[in-house]
Amino acid sequence: MMKTISLVMIVLNESDKLKRCLESVHDIVDEMIVVDTGSSDNSKEIALSYRAKVYDFTWTQSFADARNFALSHSTSDWNLTLDADEYISNDCALAIRTFINRKDVEIGRIKKVNKVMHKDGESYENSYTSRLFPAGIKYSGRIHEQIDSDLPRVKIDVEVQHDGYFEIKKSDRNIPILQMELRDHPNSSYYLYQLAKEYNGLGNFAEANSLYKKAYRLISRREIYAPNLIVDYIYNIVAGGLYEEGIEVIQEKQQFIHDYPDYHFACGVFYLEYILSDVAKNAHLLNKIEESYLKCIEIGETEKYDSVIGTGSFVAYYNLGTYYEVVGNIKSAEACYRKSAEYDYQPALSRLQLLSL
């Protein structure tokens, strides 16, 4: 007998994006459960127009509570969770059906492409997140909630676009809940890391650094988020100008992420800023910039880790090109810009145009 699957969602004032999400998934699932946590817009009406089953939930400052309430109304064998600011972007109906009807019961990790805004413009990050799981499994955690299960987790061919954090800050909501979690779990590297990211996003690099440092000291390096924590810590160190601390972090043996392009990319950014902070003192490290970006290119793009698209290809080539241009190696700079331009990377195309003048 074929297994059934439900889409299970929680929403709050998502009228601008909910239709896009439901449109992408309604032909894939057998049932859609939408739990509204207090919307003042027409989110519920949109969900009803797609024949979703809509329920109200009084917000308790816990995403896990809301998700588990939604799961309690699912009548299917399997559940797929999405947020309203996400939508499926590939043809994955067959992949999902094949996965849930297998003999082995595992949790499916979908590919999420996050659109984010960095100081140099918009970029995209690939990550994998557990979203497809059998009935009976619940969530835990007030925020950045996790599926509470020991079942094996495997990647499946489902791709989701996410733009919920693009030019949108949710710190007013997130920080108080994270602080609640930390009162209960004061030595949780995960919640310390998440709170550090919130303060970084607000430009409070000193507070973020204190949290990053504590989280960094607590990780065992077996955590799935440990590579990202270290990379984000380095970027926060650069933003806060805490270069001596950065040297310590980079010079510690980070062998477990030797094949992570984002780590070497962050090192390249760090060494540039560190040298510029005191050229006379730090100029001997100039070759570290070149080494870092060459390592990025050697590794290439990765799906082993959550990664910013381009750190193993066109952005690394571009940054290496700017390095060569600064040191006067124009021939190598042009070669790198051409490699970057093959990906239609606009900054590289602009530099090539300028160099040809």
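The values are calculated or read from the model by the stated rules, or taken from the named source; none is laboratory data. This structure is a prediction, so every number in the text was calculated from the model and none was measured. Cβ placement follows ideal geometry from the backbone for every residue including glycine, while neighbour counts extend to all protein chains displayed. Accessible surface areas use protein heavy atoms only, side chains included; no ligands, DNA or RNA. Shrake-Rupley method; radii C 1.70, N 1.55, O 1.52, S 1.80 Å.
A compact table of results
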quantity	calculated
Cβ-based net charge around K103, under 15 Å, with every Lys or Arg adding one and every Asp or Glu removing one	0
Separation of the L48 and E122 label points, Cα + 7 Å toward Cβ, nm	3.4 nm
Rounded to whole Å, sorted largest first: equivalent-ellipsoid semi-axes of segment 188-284, Cα gyration tensor	22, 17, 10
Sequence-separation-based contact order of the chain, relative, with Cα cut under 8 Å and 6+ spacing, percent	11 percent
Inter-site label distance for I330 and Y55 at 7 Å from Cα along Cβ, in nm	6.9 nm
Gained length - R338 relative to R217, 0.36 nm times residue gap less alpha-carbon distance	39.4 nm
Relative packing of peptides 301-314, 248-261 - highest average C-beta neighbours within 10 Å first	301-314, 248-261
Probe 1.4 Å, all protein chains present, accessible-area order of M1, M9, largest first	M1, M9
Sulfur and carbon atoms: percent of accessible area, the chain [1.4 Å]	50 percent
T302/E207 FRET efficiency (R0 30 Å; Cβ-Cβ; nearest 0.05)	0.45
Volume per residue of the C-alpha convex hull in segment 2-150, rounded to whole Å³	126 Å³
Helix-only mean residue ellipticity at 222 nm for the chain, each DSSP H run of n ≥ 4 adding -39500 (n - 2.57), per residue, nearest 500	-14500 deg cm²/dmol
Spin-label model distance (nm) - V154 vs H258, 7 Å beyond Cα toward Cβ	3.0 nm
Chain lengthening between Q251 and V113 when straightened (0.36 nm per residue, less Cα-Cα)	46.6 nm
Net charge of neighbours whose Cβ lies under 10 Å from the Cβ of E303, counting Lys and Arg as +1 and Asp and Glu as -1	+1
Per residue, in Å², the accessible surface of the chain once ligands and nucleic acids are set aside, probe 1.4 Å	49 Å²
FRET efficiency, 1/(1 + (r/R0)^6) with R0 45 Å, evaluated for L182 and V279 via beta carbons	0.65
About the Cα centre, charge dipole magnitude for the chain (Lys/Arg +1, Asp/Glu -1 at Cβ), debye	500 debye
